[in-house]
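Participant: After the structure tokens below, expect a handful of questions from me.
The values are calculated or read from the model by the stated rules, or taken from the named source; none is laboratory data. Since the model is a prediction, treat every value here as computed from it, not as a measurement. FYI the Cβ positions are ideal-geometry reconstructions off the backbone, even for glycines, and counts take in every protein chain you see.
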Amino acid sequence: MKLYITPGSPYARMARIVVLEKGLEDRIEIVPAQTRLANSPYYAINPSGRVPYLVPDDGAALEDSAVICAYLDRLGGEVMFAPPGDGNAWEARRLEALARSMLDGLAVWSRELARPRGERSPTILEHEAQRSERMADLWEKEIDHAWMRAPLNMAQLTLACALGLEARIPDFRWRDGHPKLCAWFSRVAARPSFAATAPPDAATALSR
């Protein structure tokens, strides 16, 4: 199977982490893709140009990080990342949605910063900066939830990949005034799967 990624995509990072956490390295080939490039050969593989993109052995390709993570989670061994099957399922989905909301906003911010300086929208940059502050305040409270202290799950995975975007967004200073969130992130980020998939920093990303 082939998993197409870009090193800086937090969505691709989520899939890469699941590959490592599930021990699927021998079954999944990680393939760097060229995106946002005119006439990229990758567009013949995935016309949308998005990552991650998983091409299983049967050829039925999958797009969208949540779908791909769920597929990978079920390839072998115990399912790790699915919501609980009891009455806590909606709480798990609520937290995952909050984490995804933060991640989506930060992804917009990161993409805007990747544009030439004269083409960046100050309105978008300010909007996403303010959104990130509100979401960090929210997560400083939500991080005490039992599901965020449980074994690694999709809500935690999504939030950690969102917070990790501080490497690519210099003005994303979520750590200030959020000691509980900092402590939580330090524990999750220490996992080998997170260390192995750390995104390139802003200077490296802009030089690509």
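Residue by residue, here is whether (1) polar (S, T, N, Q); (2) under 27 Å from residue 73 (Cα atoms); (3) in the same structural domain as residue 12 (by TED's automatic domain parsing) holds:
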{"residue": "101", "(1), (2), (3)": "yes, yes, no"}
{"residue": "104", "(1), (2), (3)": "no, yes, no"}
{"residue": "113", "(1), (2), (3)": "no, no, no"}
{"residue": "143", "(1), (2), (3)": "no, yes, no"}
{"residue": "153", "(1), (2), (3)": "yes, yes, no"}
{"residue": "181", "(1), (2), (3)": "no, yes, no"}
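Condition check ((1) closer than 19 Å to residue 159 by Cα; (2) buried (at least 17 other Cβ atoms within 10 Å of the Cβ)) across all residues:
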site: 47; (1), (2): no, no
site: 50; (1), (2): no, yes
site: 60; (1), (2): no, no
site: 67; (1), (2): yes, no
site: 73; (1), (2): yes, yes
site: 83; (1), (2): yes, yes
site: 89; (1), (2): yes, no
site: 92; (1), (2): yes, yes
site: 96; (1), (2): yes, yes
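Participant: Of the conditions (1) more than 22 Å from residue 189 (Cα to Cα); (2) of a type in the set (Lys, Arg); (3) in a helix (DSSP H, G or I), residue 36 clears all except one; give me its number.
Facilitator: (3)
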